[in-house]
Every structure is written in structure tokens, then in C-alpha cells.
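Take a look at the structure set out below.
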Amino acid sequence: MNSGLGRFDHVTLAQRVLFGSGDAARHLSLALDGLGARRVMVLGGGHRNGAIAQVLADVPVAVRFADVAQHVPADLVSRAIREAVAGDVDSLVAVGGGSTTGLAKAIALETGLPIVAVPTTYAGSEATDVWGVTTDGHKATGVSSRVLPRAVIYDATLTLSLPVELSTRSGLNAVAHCVDSLWAPRADPINRALAFEALAALDSALRGIVVEPSGLGAREEALYGGYLAAVAFASAGSGLHHKICHTLGGMFDLPHAATHAVVLPYVVAFNEPAAPALVRRIGTVLGADSGQAALDALWSAVEAPASLRELGMPERGVPEAARRIFEAVPPGNPRAVSVTDLERLLAAAWAGEAR
Ligand code: NAD
């Protein structure tokens, strides 16, 4: 029997998306013309990739700011804002991965400057209104319409220089957006549809990149999947998985994408008894016998890291991490969560135990 779709209140964020391999320079001009941009601050863009250098050829650059650091340190943001003000800029162009987009978002949060994002990884930050800034080891995050890039330029040639491991890690971050969107606080049929389409694209893309890193088709698919995944995530909100990774990342300074890769299968195994149809559908969409089998196969194809231990988390950190995560458990997680559940989950993920 069909159980129906229930009731939902869905918000779609307004953003222009220009997609085309080899078209980034032309698309960037279109996007900047659309904003009436005359004095642009360019963030990032320093990778050794001729295609990236060319993208900026016709941009009216007033300030170039190449310094980018993981987790968006507050002092870097202050320095960038001072340069933006001194340069009297009217718009921001972020050329890089989630760290570069994150810096642009932090500047926009304070100044209201519009952002055009030119992503060079598959993490998807460009499609969300979520920002994060780190002060004295504490990463504050929030949601604001000011930080959502007005336009996103996707050009897979800009990602050809991204090494396979960084490609698959940022792609698994996108897979985590898909899976957490299935049961996050505002999960609904629309963001689930996006999430499943994204999952199929990412599975095929990441396997393709491993086999043929210079293949443009797989990298286009990864950008497409990463974008859809982030749209689903922005709409559905942060689920249990993201709360766990956020807490662990902040407490132990673990690498962002690798932490997602280790933790996700354990969260899926934990939630599965309370959400069997959703997890089964992961398997169906990816052509496997079960959701777990589908993720295991992808994880092994991309040689994902298997334990928090290998990422440098101390085992003694498990009880305190479980306690802090418990405080952040999102409402509506399909399965009730106790501190003991979290301790078990973290201990298993720390050791890389079978699920
Ligand atoms: P990243 O931006 O830190 O980049 C990872 C590495 O790849 C860097 O060394 C960078 O210089 C290099 N790189 C990037 N593009 C390259 C290219 N084309 N060629 C060669 N090297 C390249 O990593 P990421 O995975 O893109 O982003 C992770 C960050 O984004 C985290 O801080 C995470 O919190 C944030 N994030 C935020 C959201 C959000 O919605 N706010 C979503 C996803 C990720």
C-alpha cells in the first residue's frame, strides 16, 4: 500500500547555475555582468591549472587574495575584509574548494557583498547558505541568505588537476550530504529525490575518476552530483551524521572529508532499523543488494579511510565526544539516540570494526 507523501514545507534557494566544460570564463563574465560587477575581489584561484588561470582573464579584478586556510580562521577573515574595504570592491569571486568558498561566505556575512563561486572540488559548499568561521579552535556555524553565492560556475576542466584522493574525499563529503538529507530535520520528498539522484551520479562519478582521472565525463558528473547533494542538504538541514562529524572535527582537528568517509557507514547502520525503506533505496538506486552493501562497494572502490584511529582521534576522546554529540542530536532522527549508543558507534568507528 502507498503510504502517501505526508505534509511538508519546502524552501528552494535562489541561485543561478552555469554549467559547461571549458565555459567558465564566458560564464563568469555573464554572471558578473548580471551583478553589474565593476570591482571584483578574487579569492583563491592559485592552483597549478592553466584552465583556472584563464578563467580570470577578463575579470575586472580590484583585489586578489590568494591566502586560504581550512576551517576559515577568523583572523584571515578580518584581513580579507580589510582588503575588500580598502579596495572598494563590489563583488567576490571564489575560485577553489570548500575552504575558499567558506572564506567568501564569511566576508559576505559581514559585508553583504555578492559571491560568484567557481568550485574546483566536489564538496558543494557553493550551493548552501551555511557558513563557518573558526576562532581559537572553535568553529561557529550558521545559516544566512547573505552567504549563498548568487551564481555558481561549474566547469569540469578546472577539477582535472584535483588529485584522485582529494577528488574522491570531497565526493564522499557530497555522498554524506545525500545520505544525511534522507533523515535530517527538514527531510521531505523533494530533497530526498535530489539526494537519490545525486547519490547515483556520485557513485558513478567517483568510480569513474579512480579509473580514469583525466576523463571529463566523470568529473562533470561529480560536479552535478555534488551540487544536487548540497541543494538537498541545504534544504533538509544537518542530520545526525553531520552533527557527529562537526563535533569530532572541532574536538580533535580531524580532516573534514576523511572524517565524513569513516563515520557515514556507521550512522547508516545505526539508523537502518528505524528507516529500513530509505536505506534499502540507497541499495536499489546504486544497484546493490542493500544500502550497506552499496556504500561498502563504493568505499572500497575509492579506498576510503576506515577508522577514526587512522585519522588521529585519541581513543580516550570517545566518552566526551559522545556526550557532546548527544547535546546536538537533531530532532526527528529516525532512531532515538542515547549517550551509550553514541559511545558504541564512535568506538566502532574508531576501531574500524565491521558494522
Ligand atoms: P578544500 O577547499 O580545503 O581543498 C582541499 C585541497 O584541494 C586544498 O589543498 C586545495 O588547495 C586543493 N584543491 C582544490 N581544488 C583544486 C584543484 N582543482 N586542483 C588542485 N588542487 C585543488 O577542500 P573541500 O573538500 O573542497 O572543502 C572542505 C571545506 O569545505 C571544509 O572546511 C568544510 O567544512 C567546507 N564545506 C562547507 C559546506 C557548507 O555547506 N558550508 C559544505 C561542504 C564543505
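When Ala198, Ala176 are checked against the criterion of being touching a residue at least 40 places away in the same chain (Cβ under 8 Å), within 16 Å of the ligand (Cβ to nearest atom) and either within 11 Å of Gly124 (Cα to Cα) or within 15 Å of the chain's Cα centre (by Cα) (or both), Ala176 stands alone in meeting it. Kindly provide the set of residues from segment 248-266 that are away from the ligand (no atom under 12 Å from the Cβ) and either open to solvent by less than 20 Å² (accessible area, probe 1.4 Å) or over 18 Å from Ala140 (Cβ atoms) (or both), ordered by number. Result: Leu248, Val262, Val263, Leu264, Pro265, Tyr266.
For Ala31, the conditions (1) part of a helix (DSSP H, G or I); (2) more than 30 Å from Ser214 (Cα to Cα) all hold with the exception of (2). So, Val118, is that one open to solvent by less than 40 Å² (accessible area, probe 1.4 Å) and among the β-branched types (Val, Ile, Thr) or not? The answer is yes for Val118. For segment 157-166, a residue qualifies if it is buried (at least 23 other Cβ atoms within 10 Å of the Cβ) and more than 10 Å from the ligand (Cβ to nearest atom), but none of them does.
Counting just the residues of segment 52-63 that are within 16 Å of the ligand (Cβ to nearest atom) and either open to solvent by 60 Å² or more (accessible area, probe 1.4 Å) or in contact with a helix residue (DSSP H, G or I) (Cβ under 6 Å, 6 or more places away or on another chain) (or both), which one comes out farthest from Ala106 (Cα to Cα)? Among those residues, the one meeting the criterion is Gln54. Here segment 85-119 is the region considered, the condition is being more than 23 Å from the chain's Cα centre (by Cα) and in a loop (DSSP other than H, G, I, E, B), and the residue that is nearest to the ligand (Cβ to nearest atom) is Val89.
Name the one entry in Arg150, Arg169, Arg192, Arg219 that is basic (Lys, Arg) and closer than 20 Å to Asp296 by Cα.
So the residue among Arg150, Arg169, Arg192, Arg219 that is basic (Lys, Arg) and closer than 20 Å to Asp296 by Cα is Arg169.
Could you check how many residues of segment 220-236 are open to solvent by 10 Å² or more (accessible area, probe 1.4 Å) and either more than 18 Å from Tyr122 (Cβ to Cβ) or under 12 Å from the mean Cα position of the chain (by Cα) (or both)? Reasoning before the result, please.
Applying the first criterion (open to solvent by 10 Å² or more (accessible area, probe 1.4 Å)) to segment 220-236 yields 220-221, 224, 227-228, 231, 233-235.
Remaining after also requiring either more than 18 Å from Tyr122 (Cβ to Cβ) or under 12 Å from the mean Cα position of the chain (by Cα) (or both): 227-228, 231, 233-235.
Going through segment 220-236 one residue at a time, the tally reaches 6.
Counting the residues of segment 292-316 that are within 21 Å of the chain's Cα centre (by Cα) and open to solvent by less than 30 Å² (accessible area, probe 1.4 Å) gives 9.
Here is a check on your reading of the model: is Asp180 open to solvent by less than 30 Å² (accessible area, probe 1.4 Å), over 16 Å from Leu13 (Cβ atoms) and touching a helix residue (DSSP H, G or I) at 6+ places or on another chain (Cβ under 8 Å)? Yes; evaluated as a whole, the condition is true for this residue.
Considering (1) within 8 Å of the ligand (Cβ to nearest atom); (2) within 25 Å of Val85 (Cβ to Cβ); (3) not in a strand (DSSP E or B), say which one Thr141 fails and leave the rest. Going through (1) within 8 Å of the ligand (Cβ to nearest atom); (2) within 25 Å of Val85 (Cβ to Cβ); (3) not in a strand (DSSP E or B) one by one, Thr141 breaks only (3).
Might you let me know whether segment 72-84 holds any residue that is assigned to a loop (DSSP other than H, G, I, E, B), away from the ligand (no atom under 16 Å from the Cβ) and among the basic types (Lys, Arg)?
Taking segment 72-84 as the starting set, the residues that turn out to be assigned to a loop (DSSP other than H, G, I, E, B) are 72.
Subset that is away from the ligand (no atom under 16 Å from the Cβ): none.
No - not one qualifying residue is present in segment 72-84.
All of Arg169, Arg146 fail the test of being surrounded by fewer than 24 Cβ atoms within 10 Å (Cβ to Cβ) and either touching a residue at least 40 places away in the same chain (Cβ under 8 Å) or part of a helix (DSSP H, G or I) (or both), apart from Arg146.
The single residue among Ala193, Ala269 that is surrounded by fewer than 19 Cβ atoms within 10 Å (Cβ to Cβ) and without any contact (Cβ under 8 Å) to a residue 12 or more places away in the chain turns out to be Ala193. Looking for something within 11 Å of the ligand (Cβ to nearest atom), within 18 Å of the chain's Cα centre (by Cα), hydrophobic (A, V, I, L, M, F, W, C) and part of a helix (DSSP H, G or I) - is there at least one such residue anywhere in segment 123-131? Looking for residues that are within 11 Å of the ligand (Cβ to nearest atom), within 18 Å of the chain's Cα centre (by Cα), hydrophobic (A, V, I, L, M, F, W, C) and part of a helix (DSSP H, G or I), one finds at least one in segment 123-131, hence yes. For the criterion of being in contact with a helix residue (DSSP H, G or I) (Cβ under 9 Å, 6 or more places away or on another chain) and at pLDDT below 95, His138 passes.
The values are calculated or read from the model by the stated rules, or taken from the named source; none is laboratory data. Just so you know, these numbers come straight off a predicted model, no measurement behind them. Positions of Cβ are backbone-derived with ideal geometry, glycine not excepted, and every protein chain shown enters the neighbour counts. When the accessible area is computed, the model is the full protein with side chains, heavy atoms only, and any ligands, DNA or RNA have been set aside. Shrake-Rupley method; radii C 1.70, N 1.55, O 1.52, S 1.80 Å.
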